[in-house]
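Here the structure is laid out as structure tokens; the discussion comes afterwards.
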Amino acid sequence: MYWKLQKKEFIKNAIYTFFILLIAVISTYYIYYHFQDDRNIDFNSESLDVTYRESTGDKLLLKKVTPVTDSVGLSSKAYLISIKNNLTEKVNYKIQIKRDLKEIAEDGCDDSLISEDDIRISVKVNKKASKIYDLVELEKGILLDDVIDALETKNISIRIWVKQDSLLPIGANMHYHGIMQVIEGDTSIAIVE
């Protein structure tokens, strides 16, 4: 009789444990995807779907003057973008970096902006090696000019930092406001859905 009661108690505890674990897994799933959706900001053009993986969307922000080497800059915060081609043919696209004039006007921070001469920027497409540029050297702000194959998705990471040989004083109250734009072909800019 004792074994029957113990077996019954064991089955009851196993059922309770199963339901508690099931509720925990389902709750974790919904919480994760709720916050993930809050971070992703979707844009699109004629044939590309563009998802900015940060809550700041297409905005770049460099908040402090700390000159660093390229190796340290490459380990800084990345701005992640996913670009998906919805067509069954290749599409040419560009990523352009430019000053966020709207944000600069709202902040009234013309006199405290980091010069583009002092900024380094890197771009990495999928698993390829990062390419590093001085921001001022980008022709018309074009960071990347590439082709995406039919129905392909590319994951791009962009990092921005103050270059090591900058003469700006460390810790100066200066910053940079920028925008990342994905341009399909030469004319169609991906916009918020």
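Read-outs: derived from the displayed coordinates by stated rules, not from any lab. Treat the numbers as computed from the prediction; the structure is a model and nothing was measured. Here the Cβ is made from the backbone with ideal geometry for all residues, glycine too, and neighbour counts use every protein chain on show.
The table for this structure:
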read-out: Other-chain or far-sequence residues with amide H under 5 Å of residue 164's (modelled H); value: 68
read-out: Histogram of C-alpha separations across the chain, 5 Å bin width, %; value: 1, 7, 13, 15, 15, 12, 9, 6, 4, 3, 3, 3, 3, 2, 2, 1, 0, 0
read-out: Crossing angle, helix 2-39 versus the chain [Cα axis fit, 0-90 degrees, rounded to tens]; value: 20
read-out: Likely footprinting exposure, 72, 65, fewest C-beta neighbours within 10 Å first; value: 72, 65
read-out: Among beta bridges that DSSP assigns inside the range 41-192, antiparallel share in %, nearest 5; value: 95
read-out: In the range 126-167, trypsin sites (Lys or Arg not before Pro) in a DSSP loop with at most 13 other beta-carbon atoms within 10 Å; value: 127, 128
read-out: Modelled FRET efficiency - R0 25 Å, residue 90 with residue 139, Cβ distances, 0.05 increments; value: 0.65
read-out: Too-long pairs where the Cα-Cα distance tops 22 Å, listed order kept, from 59/102; 59/84; 59/163; 127/163; 90/128; value: 127/163
read-out: Length-normalised contact order of the chain in % [C-alpha pairs under 8 Å, at least 6 apart]; value: 33
read-out: Whole-Hz couplings from phi, Karplus 6.51/-1.76/1.60, listed for the range 86-94; x for Gly and Pro; value: 8, 9, 9, 9, 5, 10, 7, 9, 9
read-out: Kirkwood-based shape ratio for the range 114-193, expressed as Rg/Rh from alpha carbons; value: 1.02
read-out: C-alpha center-to-center spacing [the range 36-84, the range 123-149] in angstrom; value: 13
